[in-house]
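Take a look at the structure set out below.
The values are calculated or read from the model by the stated rules, or taken from the named source; none is laboratory data. Since we're looking at a predicted model, the values are computed, not measured. Glycine also receives a Cβ, built like all others from the backbone with ideal geometry; neighbour counts cover every protein chain displayed.
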DNA sequence: TGCCCATAGTTGACAGTGTAAAGTTTGCTG
DNA sequence: CAGCAAACTTTACACTGTCAACTATGGGCA
């Protein structure tokens, strides 16, 4: 008799978030509906109202879960195959950036929800999103010596996010599609214009 | 009796786009509705079907108009107060970048529609968006000598867009909010790490 | 001139959406 | 064991996009 289990369903809150994530991955943002989410969780269409503040609340909760997944991904990517004990600080940073872009590619509708639909007034969401940013900040430290640290971190974060967003739906065709993506741009930013590859 | 005037309304197509832009500016994306747009243009809720392919078609047309506005803004910002004959190439570029960010700030719902809702399969939209990108490319020319031009342009575009998007709804509080925004980051990117302001 | 009909617009209907109110079940508490 | 609050259901409503059927207008062609 755990006190966590509510009366009927047994943690419907999390079940709804799971259902929403599944719908989002399957049919995109258009397929994520309060009623469909409820149906998928096996409850009536009005049940979510007792756990979230309407559709907005559900989307916010899903976004929060998304940031938790992203944080987990960013933190654990270091200890995965091929990324063990990377000594080069730039390569260590790029492992993080690539993880960020990977997450965006693999969860595009969720990523879009997290960054354009969620309301950042929620302090909980703000906190978990800040934790994600902190991982990137830590990877930037080797490049902030003698410079405005905030500015360097800001630039890296801006470029990584811009790359992710433009990669999703860029209006500009003939993108160079660098492989590995974004790396040359980051090199130019952090190591100076003399270090970028001439054509 | 100009042949451009259709039978009843007189260019309802453009009137619907105007109405949609007004709704978008007034009440955001949630307020932009096919029925409301039709009502604002003074026609029945089903009239737009004869001019656009459903809601998607209307949104696409509005996005197209948005890119036209952006292109106009980017091209004419040079000849405005305080921007006459800027000799410094970096400052000339920044005039363009600031125009880009200004447009985003002043038309946030439209900007979001242009970059996340419109379908870039439309070749017309692709073309006009490419024209916008071309203006930025031109401003990048002074910085592409002896470098991979595509890469430099890509980096500038990525950073500008990333900055615009994060400025709209950044999950990271305590943003440095540089004034003028984005300039120091761009300086770091284009002029090298030794040229950015130390703390 | 006068008919004809494609174009433009209207009306009505339908499935699906979010939300709110009222009713029902459940399981804990006094 | 009574009662009650939380969890869930049912019902209803306004609104959305889309479709089919209907009406009216005005230009082309006999």
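For (1) within 21 Å of residue B:130 (Cα to Cα); (2) within 7 Å of another protein chain (Cβ to nearest Cβ); (3) at pLDDT below 60, each residue gets a yes or a no:
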site: A:148; (1), (2), (3): no, yes, no
site: A:159; (1), (2), (3): yes, yes, no
site: A:164; (1), (2), (3): yes, no, no
site: A:169; (1), (2), (3): yes, yes, no
site: A:176; (1), (2), (3): yes, yes, yes
site: A:192; (1), (2), (3): no, yes, no
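Test residue A:58 against the stated conditions and say whether it is within 9 Å of DNA strand C (Cβ to nearest atom) and in contact (Cβ under 8 Å) with a residue 40 or more places away in the chain.
Details: within 9 Å of DNA strand C (Cβ to nearest atom): yes; in contact (Cβ under 8 Å) with a residue 40 or more places away in the chain: yes.
Here the answer is yes, as residue A:58 does meet what is asked.
Among the residues in the stretch A:66-89, are any within 11 Å of DNA strand C (Cβ to nearest atom), at pLDDT below 95 and either at positive phi or within 14 Å of chain B (Cβ to nearest Cβ) (or both)? Looking through the stretch A:66-89, none of the residues is within 11 Å of DNA strand C (Cβ to nearest atom), at pLDDT below 95 and either at positive phi or within 14 Å of chain B (Cβ to nearest Cβ) (or both). Across the stretch B:1-39, what is the total count of residues that are within 12 Å of DNA strand C (Cβ to nearest atom) and either modelled with pLDDT under 95 or over 24 Å from the mean Cα position of the chain (by Cα) (or both)? Looking only at that region, the number is 13. Filtered by the rule that a residue be touching a residue at least 12 places away in the same chain (Cβ under 8 Å) and assigned to a helix (DSSP H, G or I), the stretch B:119-140 gives B:124, B:125, B:128, B:129, B:131, B:132, B:133, B:135, B:136, B:137, B:139, B:140.
Results for (1) within 14 Å of chain A (Cβ to nearest Cβ); (2) out of contact with any helix residue (DSSP H, G or I) (no Cβ under 6 Å at 6 or more places or on another chain); (3) within 9 Å of DNA strand D (Cβ to nearest atom), shown as yes or no for each residue.
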residue: B:28; (1), (2), (3): yes, no, no
residue: B:31; (1), (2), (3): no, no, yes
residue: B:40; (1), (2), (3): no, no, no
residue: B:49; (1), (2), (3): no, yes, yes
residue: B:52; (1), (2), (3): no, no, yes
residue: B:56; (1), (2), (3): yes, yes, yes
residue: B:64; (1), (2), (3): yes, no, no
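What tally of residues in the stretch B:7-26 results from selecting those that are surrounded by 20 or more Cβ atoms within 10 Å (Cβ to Cβ) and either out of contact with any helix residue (DSSP H, G or I) (no Cβ under 9 Å at 6 or more places or on another chain) or under 14 Å from residue B:60 (Cβ atoms) (or both)?
The number of residues fulfilling the criteria is 5.
For the stretch B:78-91, the count of residues that are crowded, with 18+ Cβ neighbours inside 10 Å and under 18 Å from the mean Cα position of the chain (by Cα) is zero.
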